[in-house]
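Heads up: the structure comes next, in structure tokens.
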Amino acid sequence: MLTVFSLLVLLSLAGGAGGQLAELFARPLGAALGFLAALLPLALLTLGLEILLGQPPLTFLKAFFRLVSQGLAALGYRAQGLIEERKEGREVARARGKLRSALRGHQKELEQLHRSFPLADLQLRQAEVRGRLEDMRDMDESEMEQVWQELEGWQAQHAGLLSQAAADLAQQVSAEPAALQGEIDTLAGHIRAGRHELGAELPSTQASAALEELRRALVTDMTRFAQRAARLERERAAAQQLLAGAAGGRGKKRTSLGSSALIREEAAARKRRTAWEQLAGEFAQWRTHEPHYAGWPALAAAYDRAPTEAAAALAHELERRGYAALPERAEWQRRLEQGEFDGESAAGAALVEQAAAHQPPTGRSAVHAGTAPPSGLCCGPARRGPQPLAT
């Protein structure tokens, strides 16, 4: 709404038909400020776009004014260079311009690195470079030669700072929860190989068909978890290899890594940490449903062999409540055994005994027994219905 209103005000300032409300807002601005009146709706427009794109407030304005200031500074230095070239001669002016350009390039790299790695050494170095730039117009050739030597030393120290920052970031990357990827991949492999109860498809009979929908939803979630974990692990391994090469070490050849690349890797590492946390939370929630599935296939098959009313009642409950019905397996087993449906109690008990002969000895599948996550890892509400978790 803010973006649309800003566009309408700009249209009214340009003489178009932006609507009565926009004209009511634009008329006093145009009368008081003239063409400068367009700055306010432009600022509101950028603010609206930042909200839509999820960017921090004033991101676009900061970037715009930074570009303007850099452009004005470049024009100023260019004008100053032309003046010096006319007064002192072309050779001296060219040498001064070349040195000034090198210093400003080093200053820009320091500023970029300081935004992501606020180190005291970087702040001190920026002050030293600014001081040399301010004294540039009064330097002769011998003084400029000394500044060149200082710049070479600063660049060497800067390379050391980059190497240390890369080493610190490499330690953070190596601490990312790669073990979670191994746990997910192992469990997904058991399901694919049929070594887990979730790996067996169920028949299309009434109760089993309803349970099959829940099984497919659980398996689909696990497949997505495995894909996401594998992608995060590939990105983590590639980043660790790059940062380890830039950090160097005893007996290792150091690779070059600029400030921009290091900043990108730091931002990517923060994004990966958030993704790992989200994946861990969703997987922990999935693990709250997975143990309750054990024993259900055999019980659903027993209900399918029971009177039609029994299978219909169980299928309806599974379809209506989804995962929330899985912890109630013992109750449904009792109802079948005691013959609460149209069948006889003895027949129900026989069916339950047949189901018990085919179910695992514990509440969890034999493959995954003893590997449950610590209690309290996820305490979110049980999911209703068989819809997969969002990726």
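The values are calculated or read from the model by the stated rules, or taken from the named source; none is laboratory data. Bear in mind the structure is a predicted one, so any value in this text is a computation, not a measurement. Cβ sites come from the backbone with ideal geometry, for glycine too, and all protein chains shown count toward neighbours.
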message: It is to be established whether one or more residues within the stretch 139-158 are surrounded by 15 or more Cβ atoms within 10 Å (Cβ to Cβ), in a helix (DSSP H, G or I) and within 33 Å of the chain's Cα centre (by Cα).
response: yes
field: Among (1) modelled with pLDDT of 90 or more; (2) outside any helix (DSSP H, G or I), the one test that Gly339 misses
entry: (1)
field: Residue in the stretch 221-241 that is among the acidic types (Asp, Glu) and surrounded by fewer than 19 Cβ atoms within 10 Å (Cβ to Cβ) present
entry: yes
statement: Within the stretch 230-265, residues modelled with pLDDT under 75 and among the β-branched types (Val, Ile, Thr) come out as Thr255
field: Filter result for Leu122 (surrounded by 14 or more Cβ atoms within 10 Å (Cβ to Cβ), in a helix (DSSP H, G or I) and not assigned by TED's automatic domain parsing to the domain that holds Thr274)
entry: yes
Unique match (being in the same structural domain as Leu122 (by TED's automatic domain parsing), under 33 Å from the mean Cα position of the chain (by Cα), in a helix (DSSP H, G or I) and crowded, with 18+ Cβ neighbours inside 10 Å) among Leu162, Leu198, Leu218: Leu162
statement: By residue number, the members of the stretch 165-195 that are touching a residue at least 12 places away in the same chain (Cβ under 8 Å) and farther than 20 Å from Ala229 by Cα are Ala165, Ala166, Ala167, Leu169, Arg195
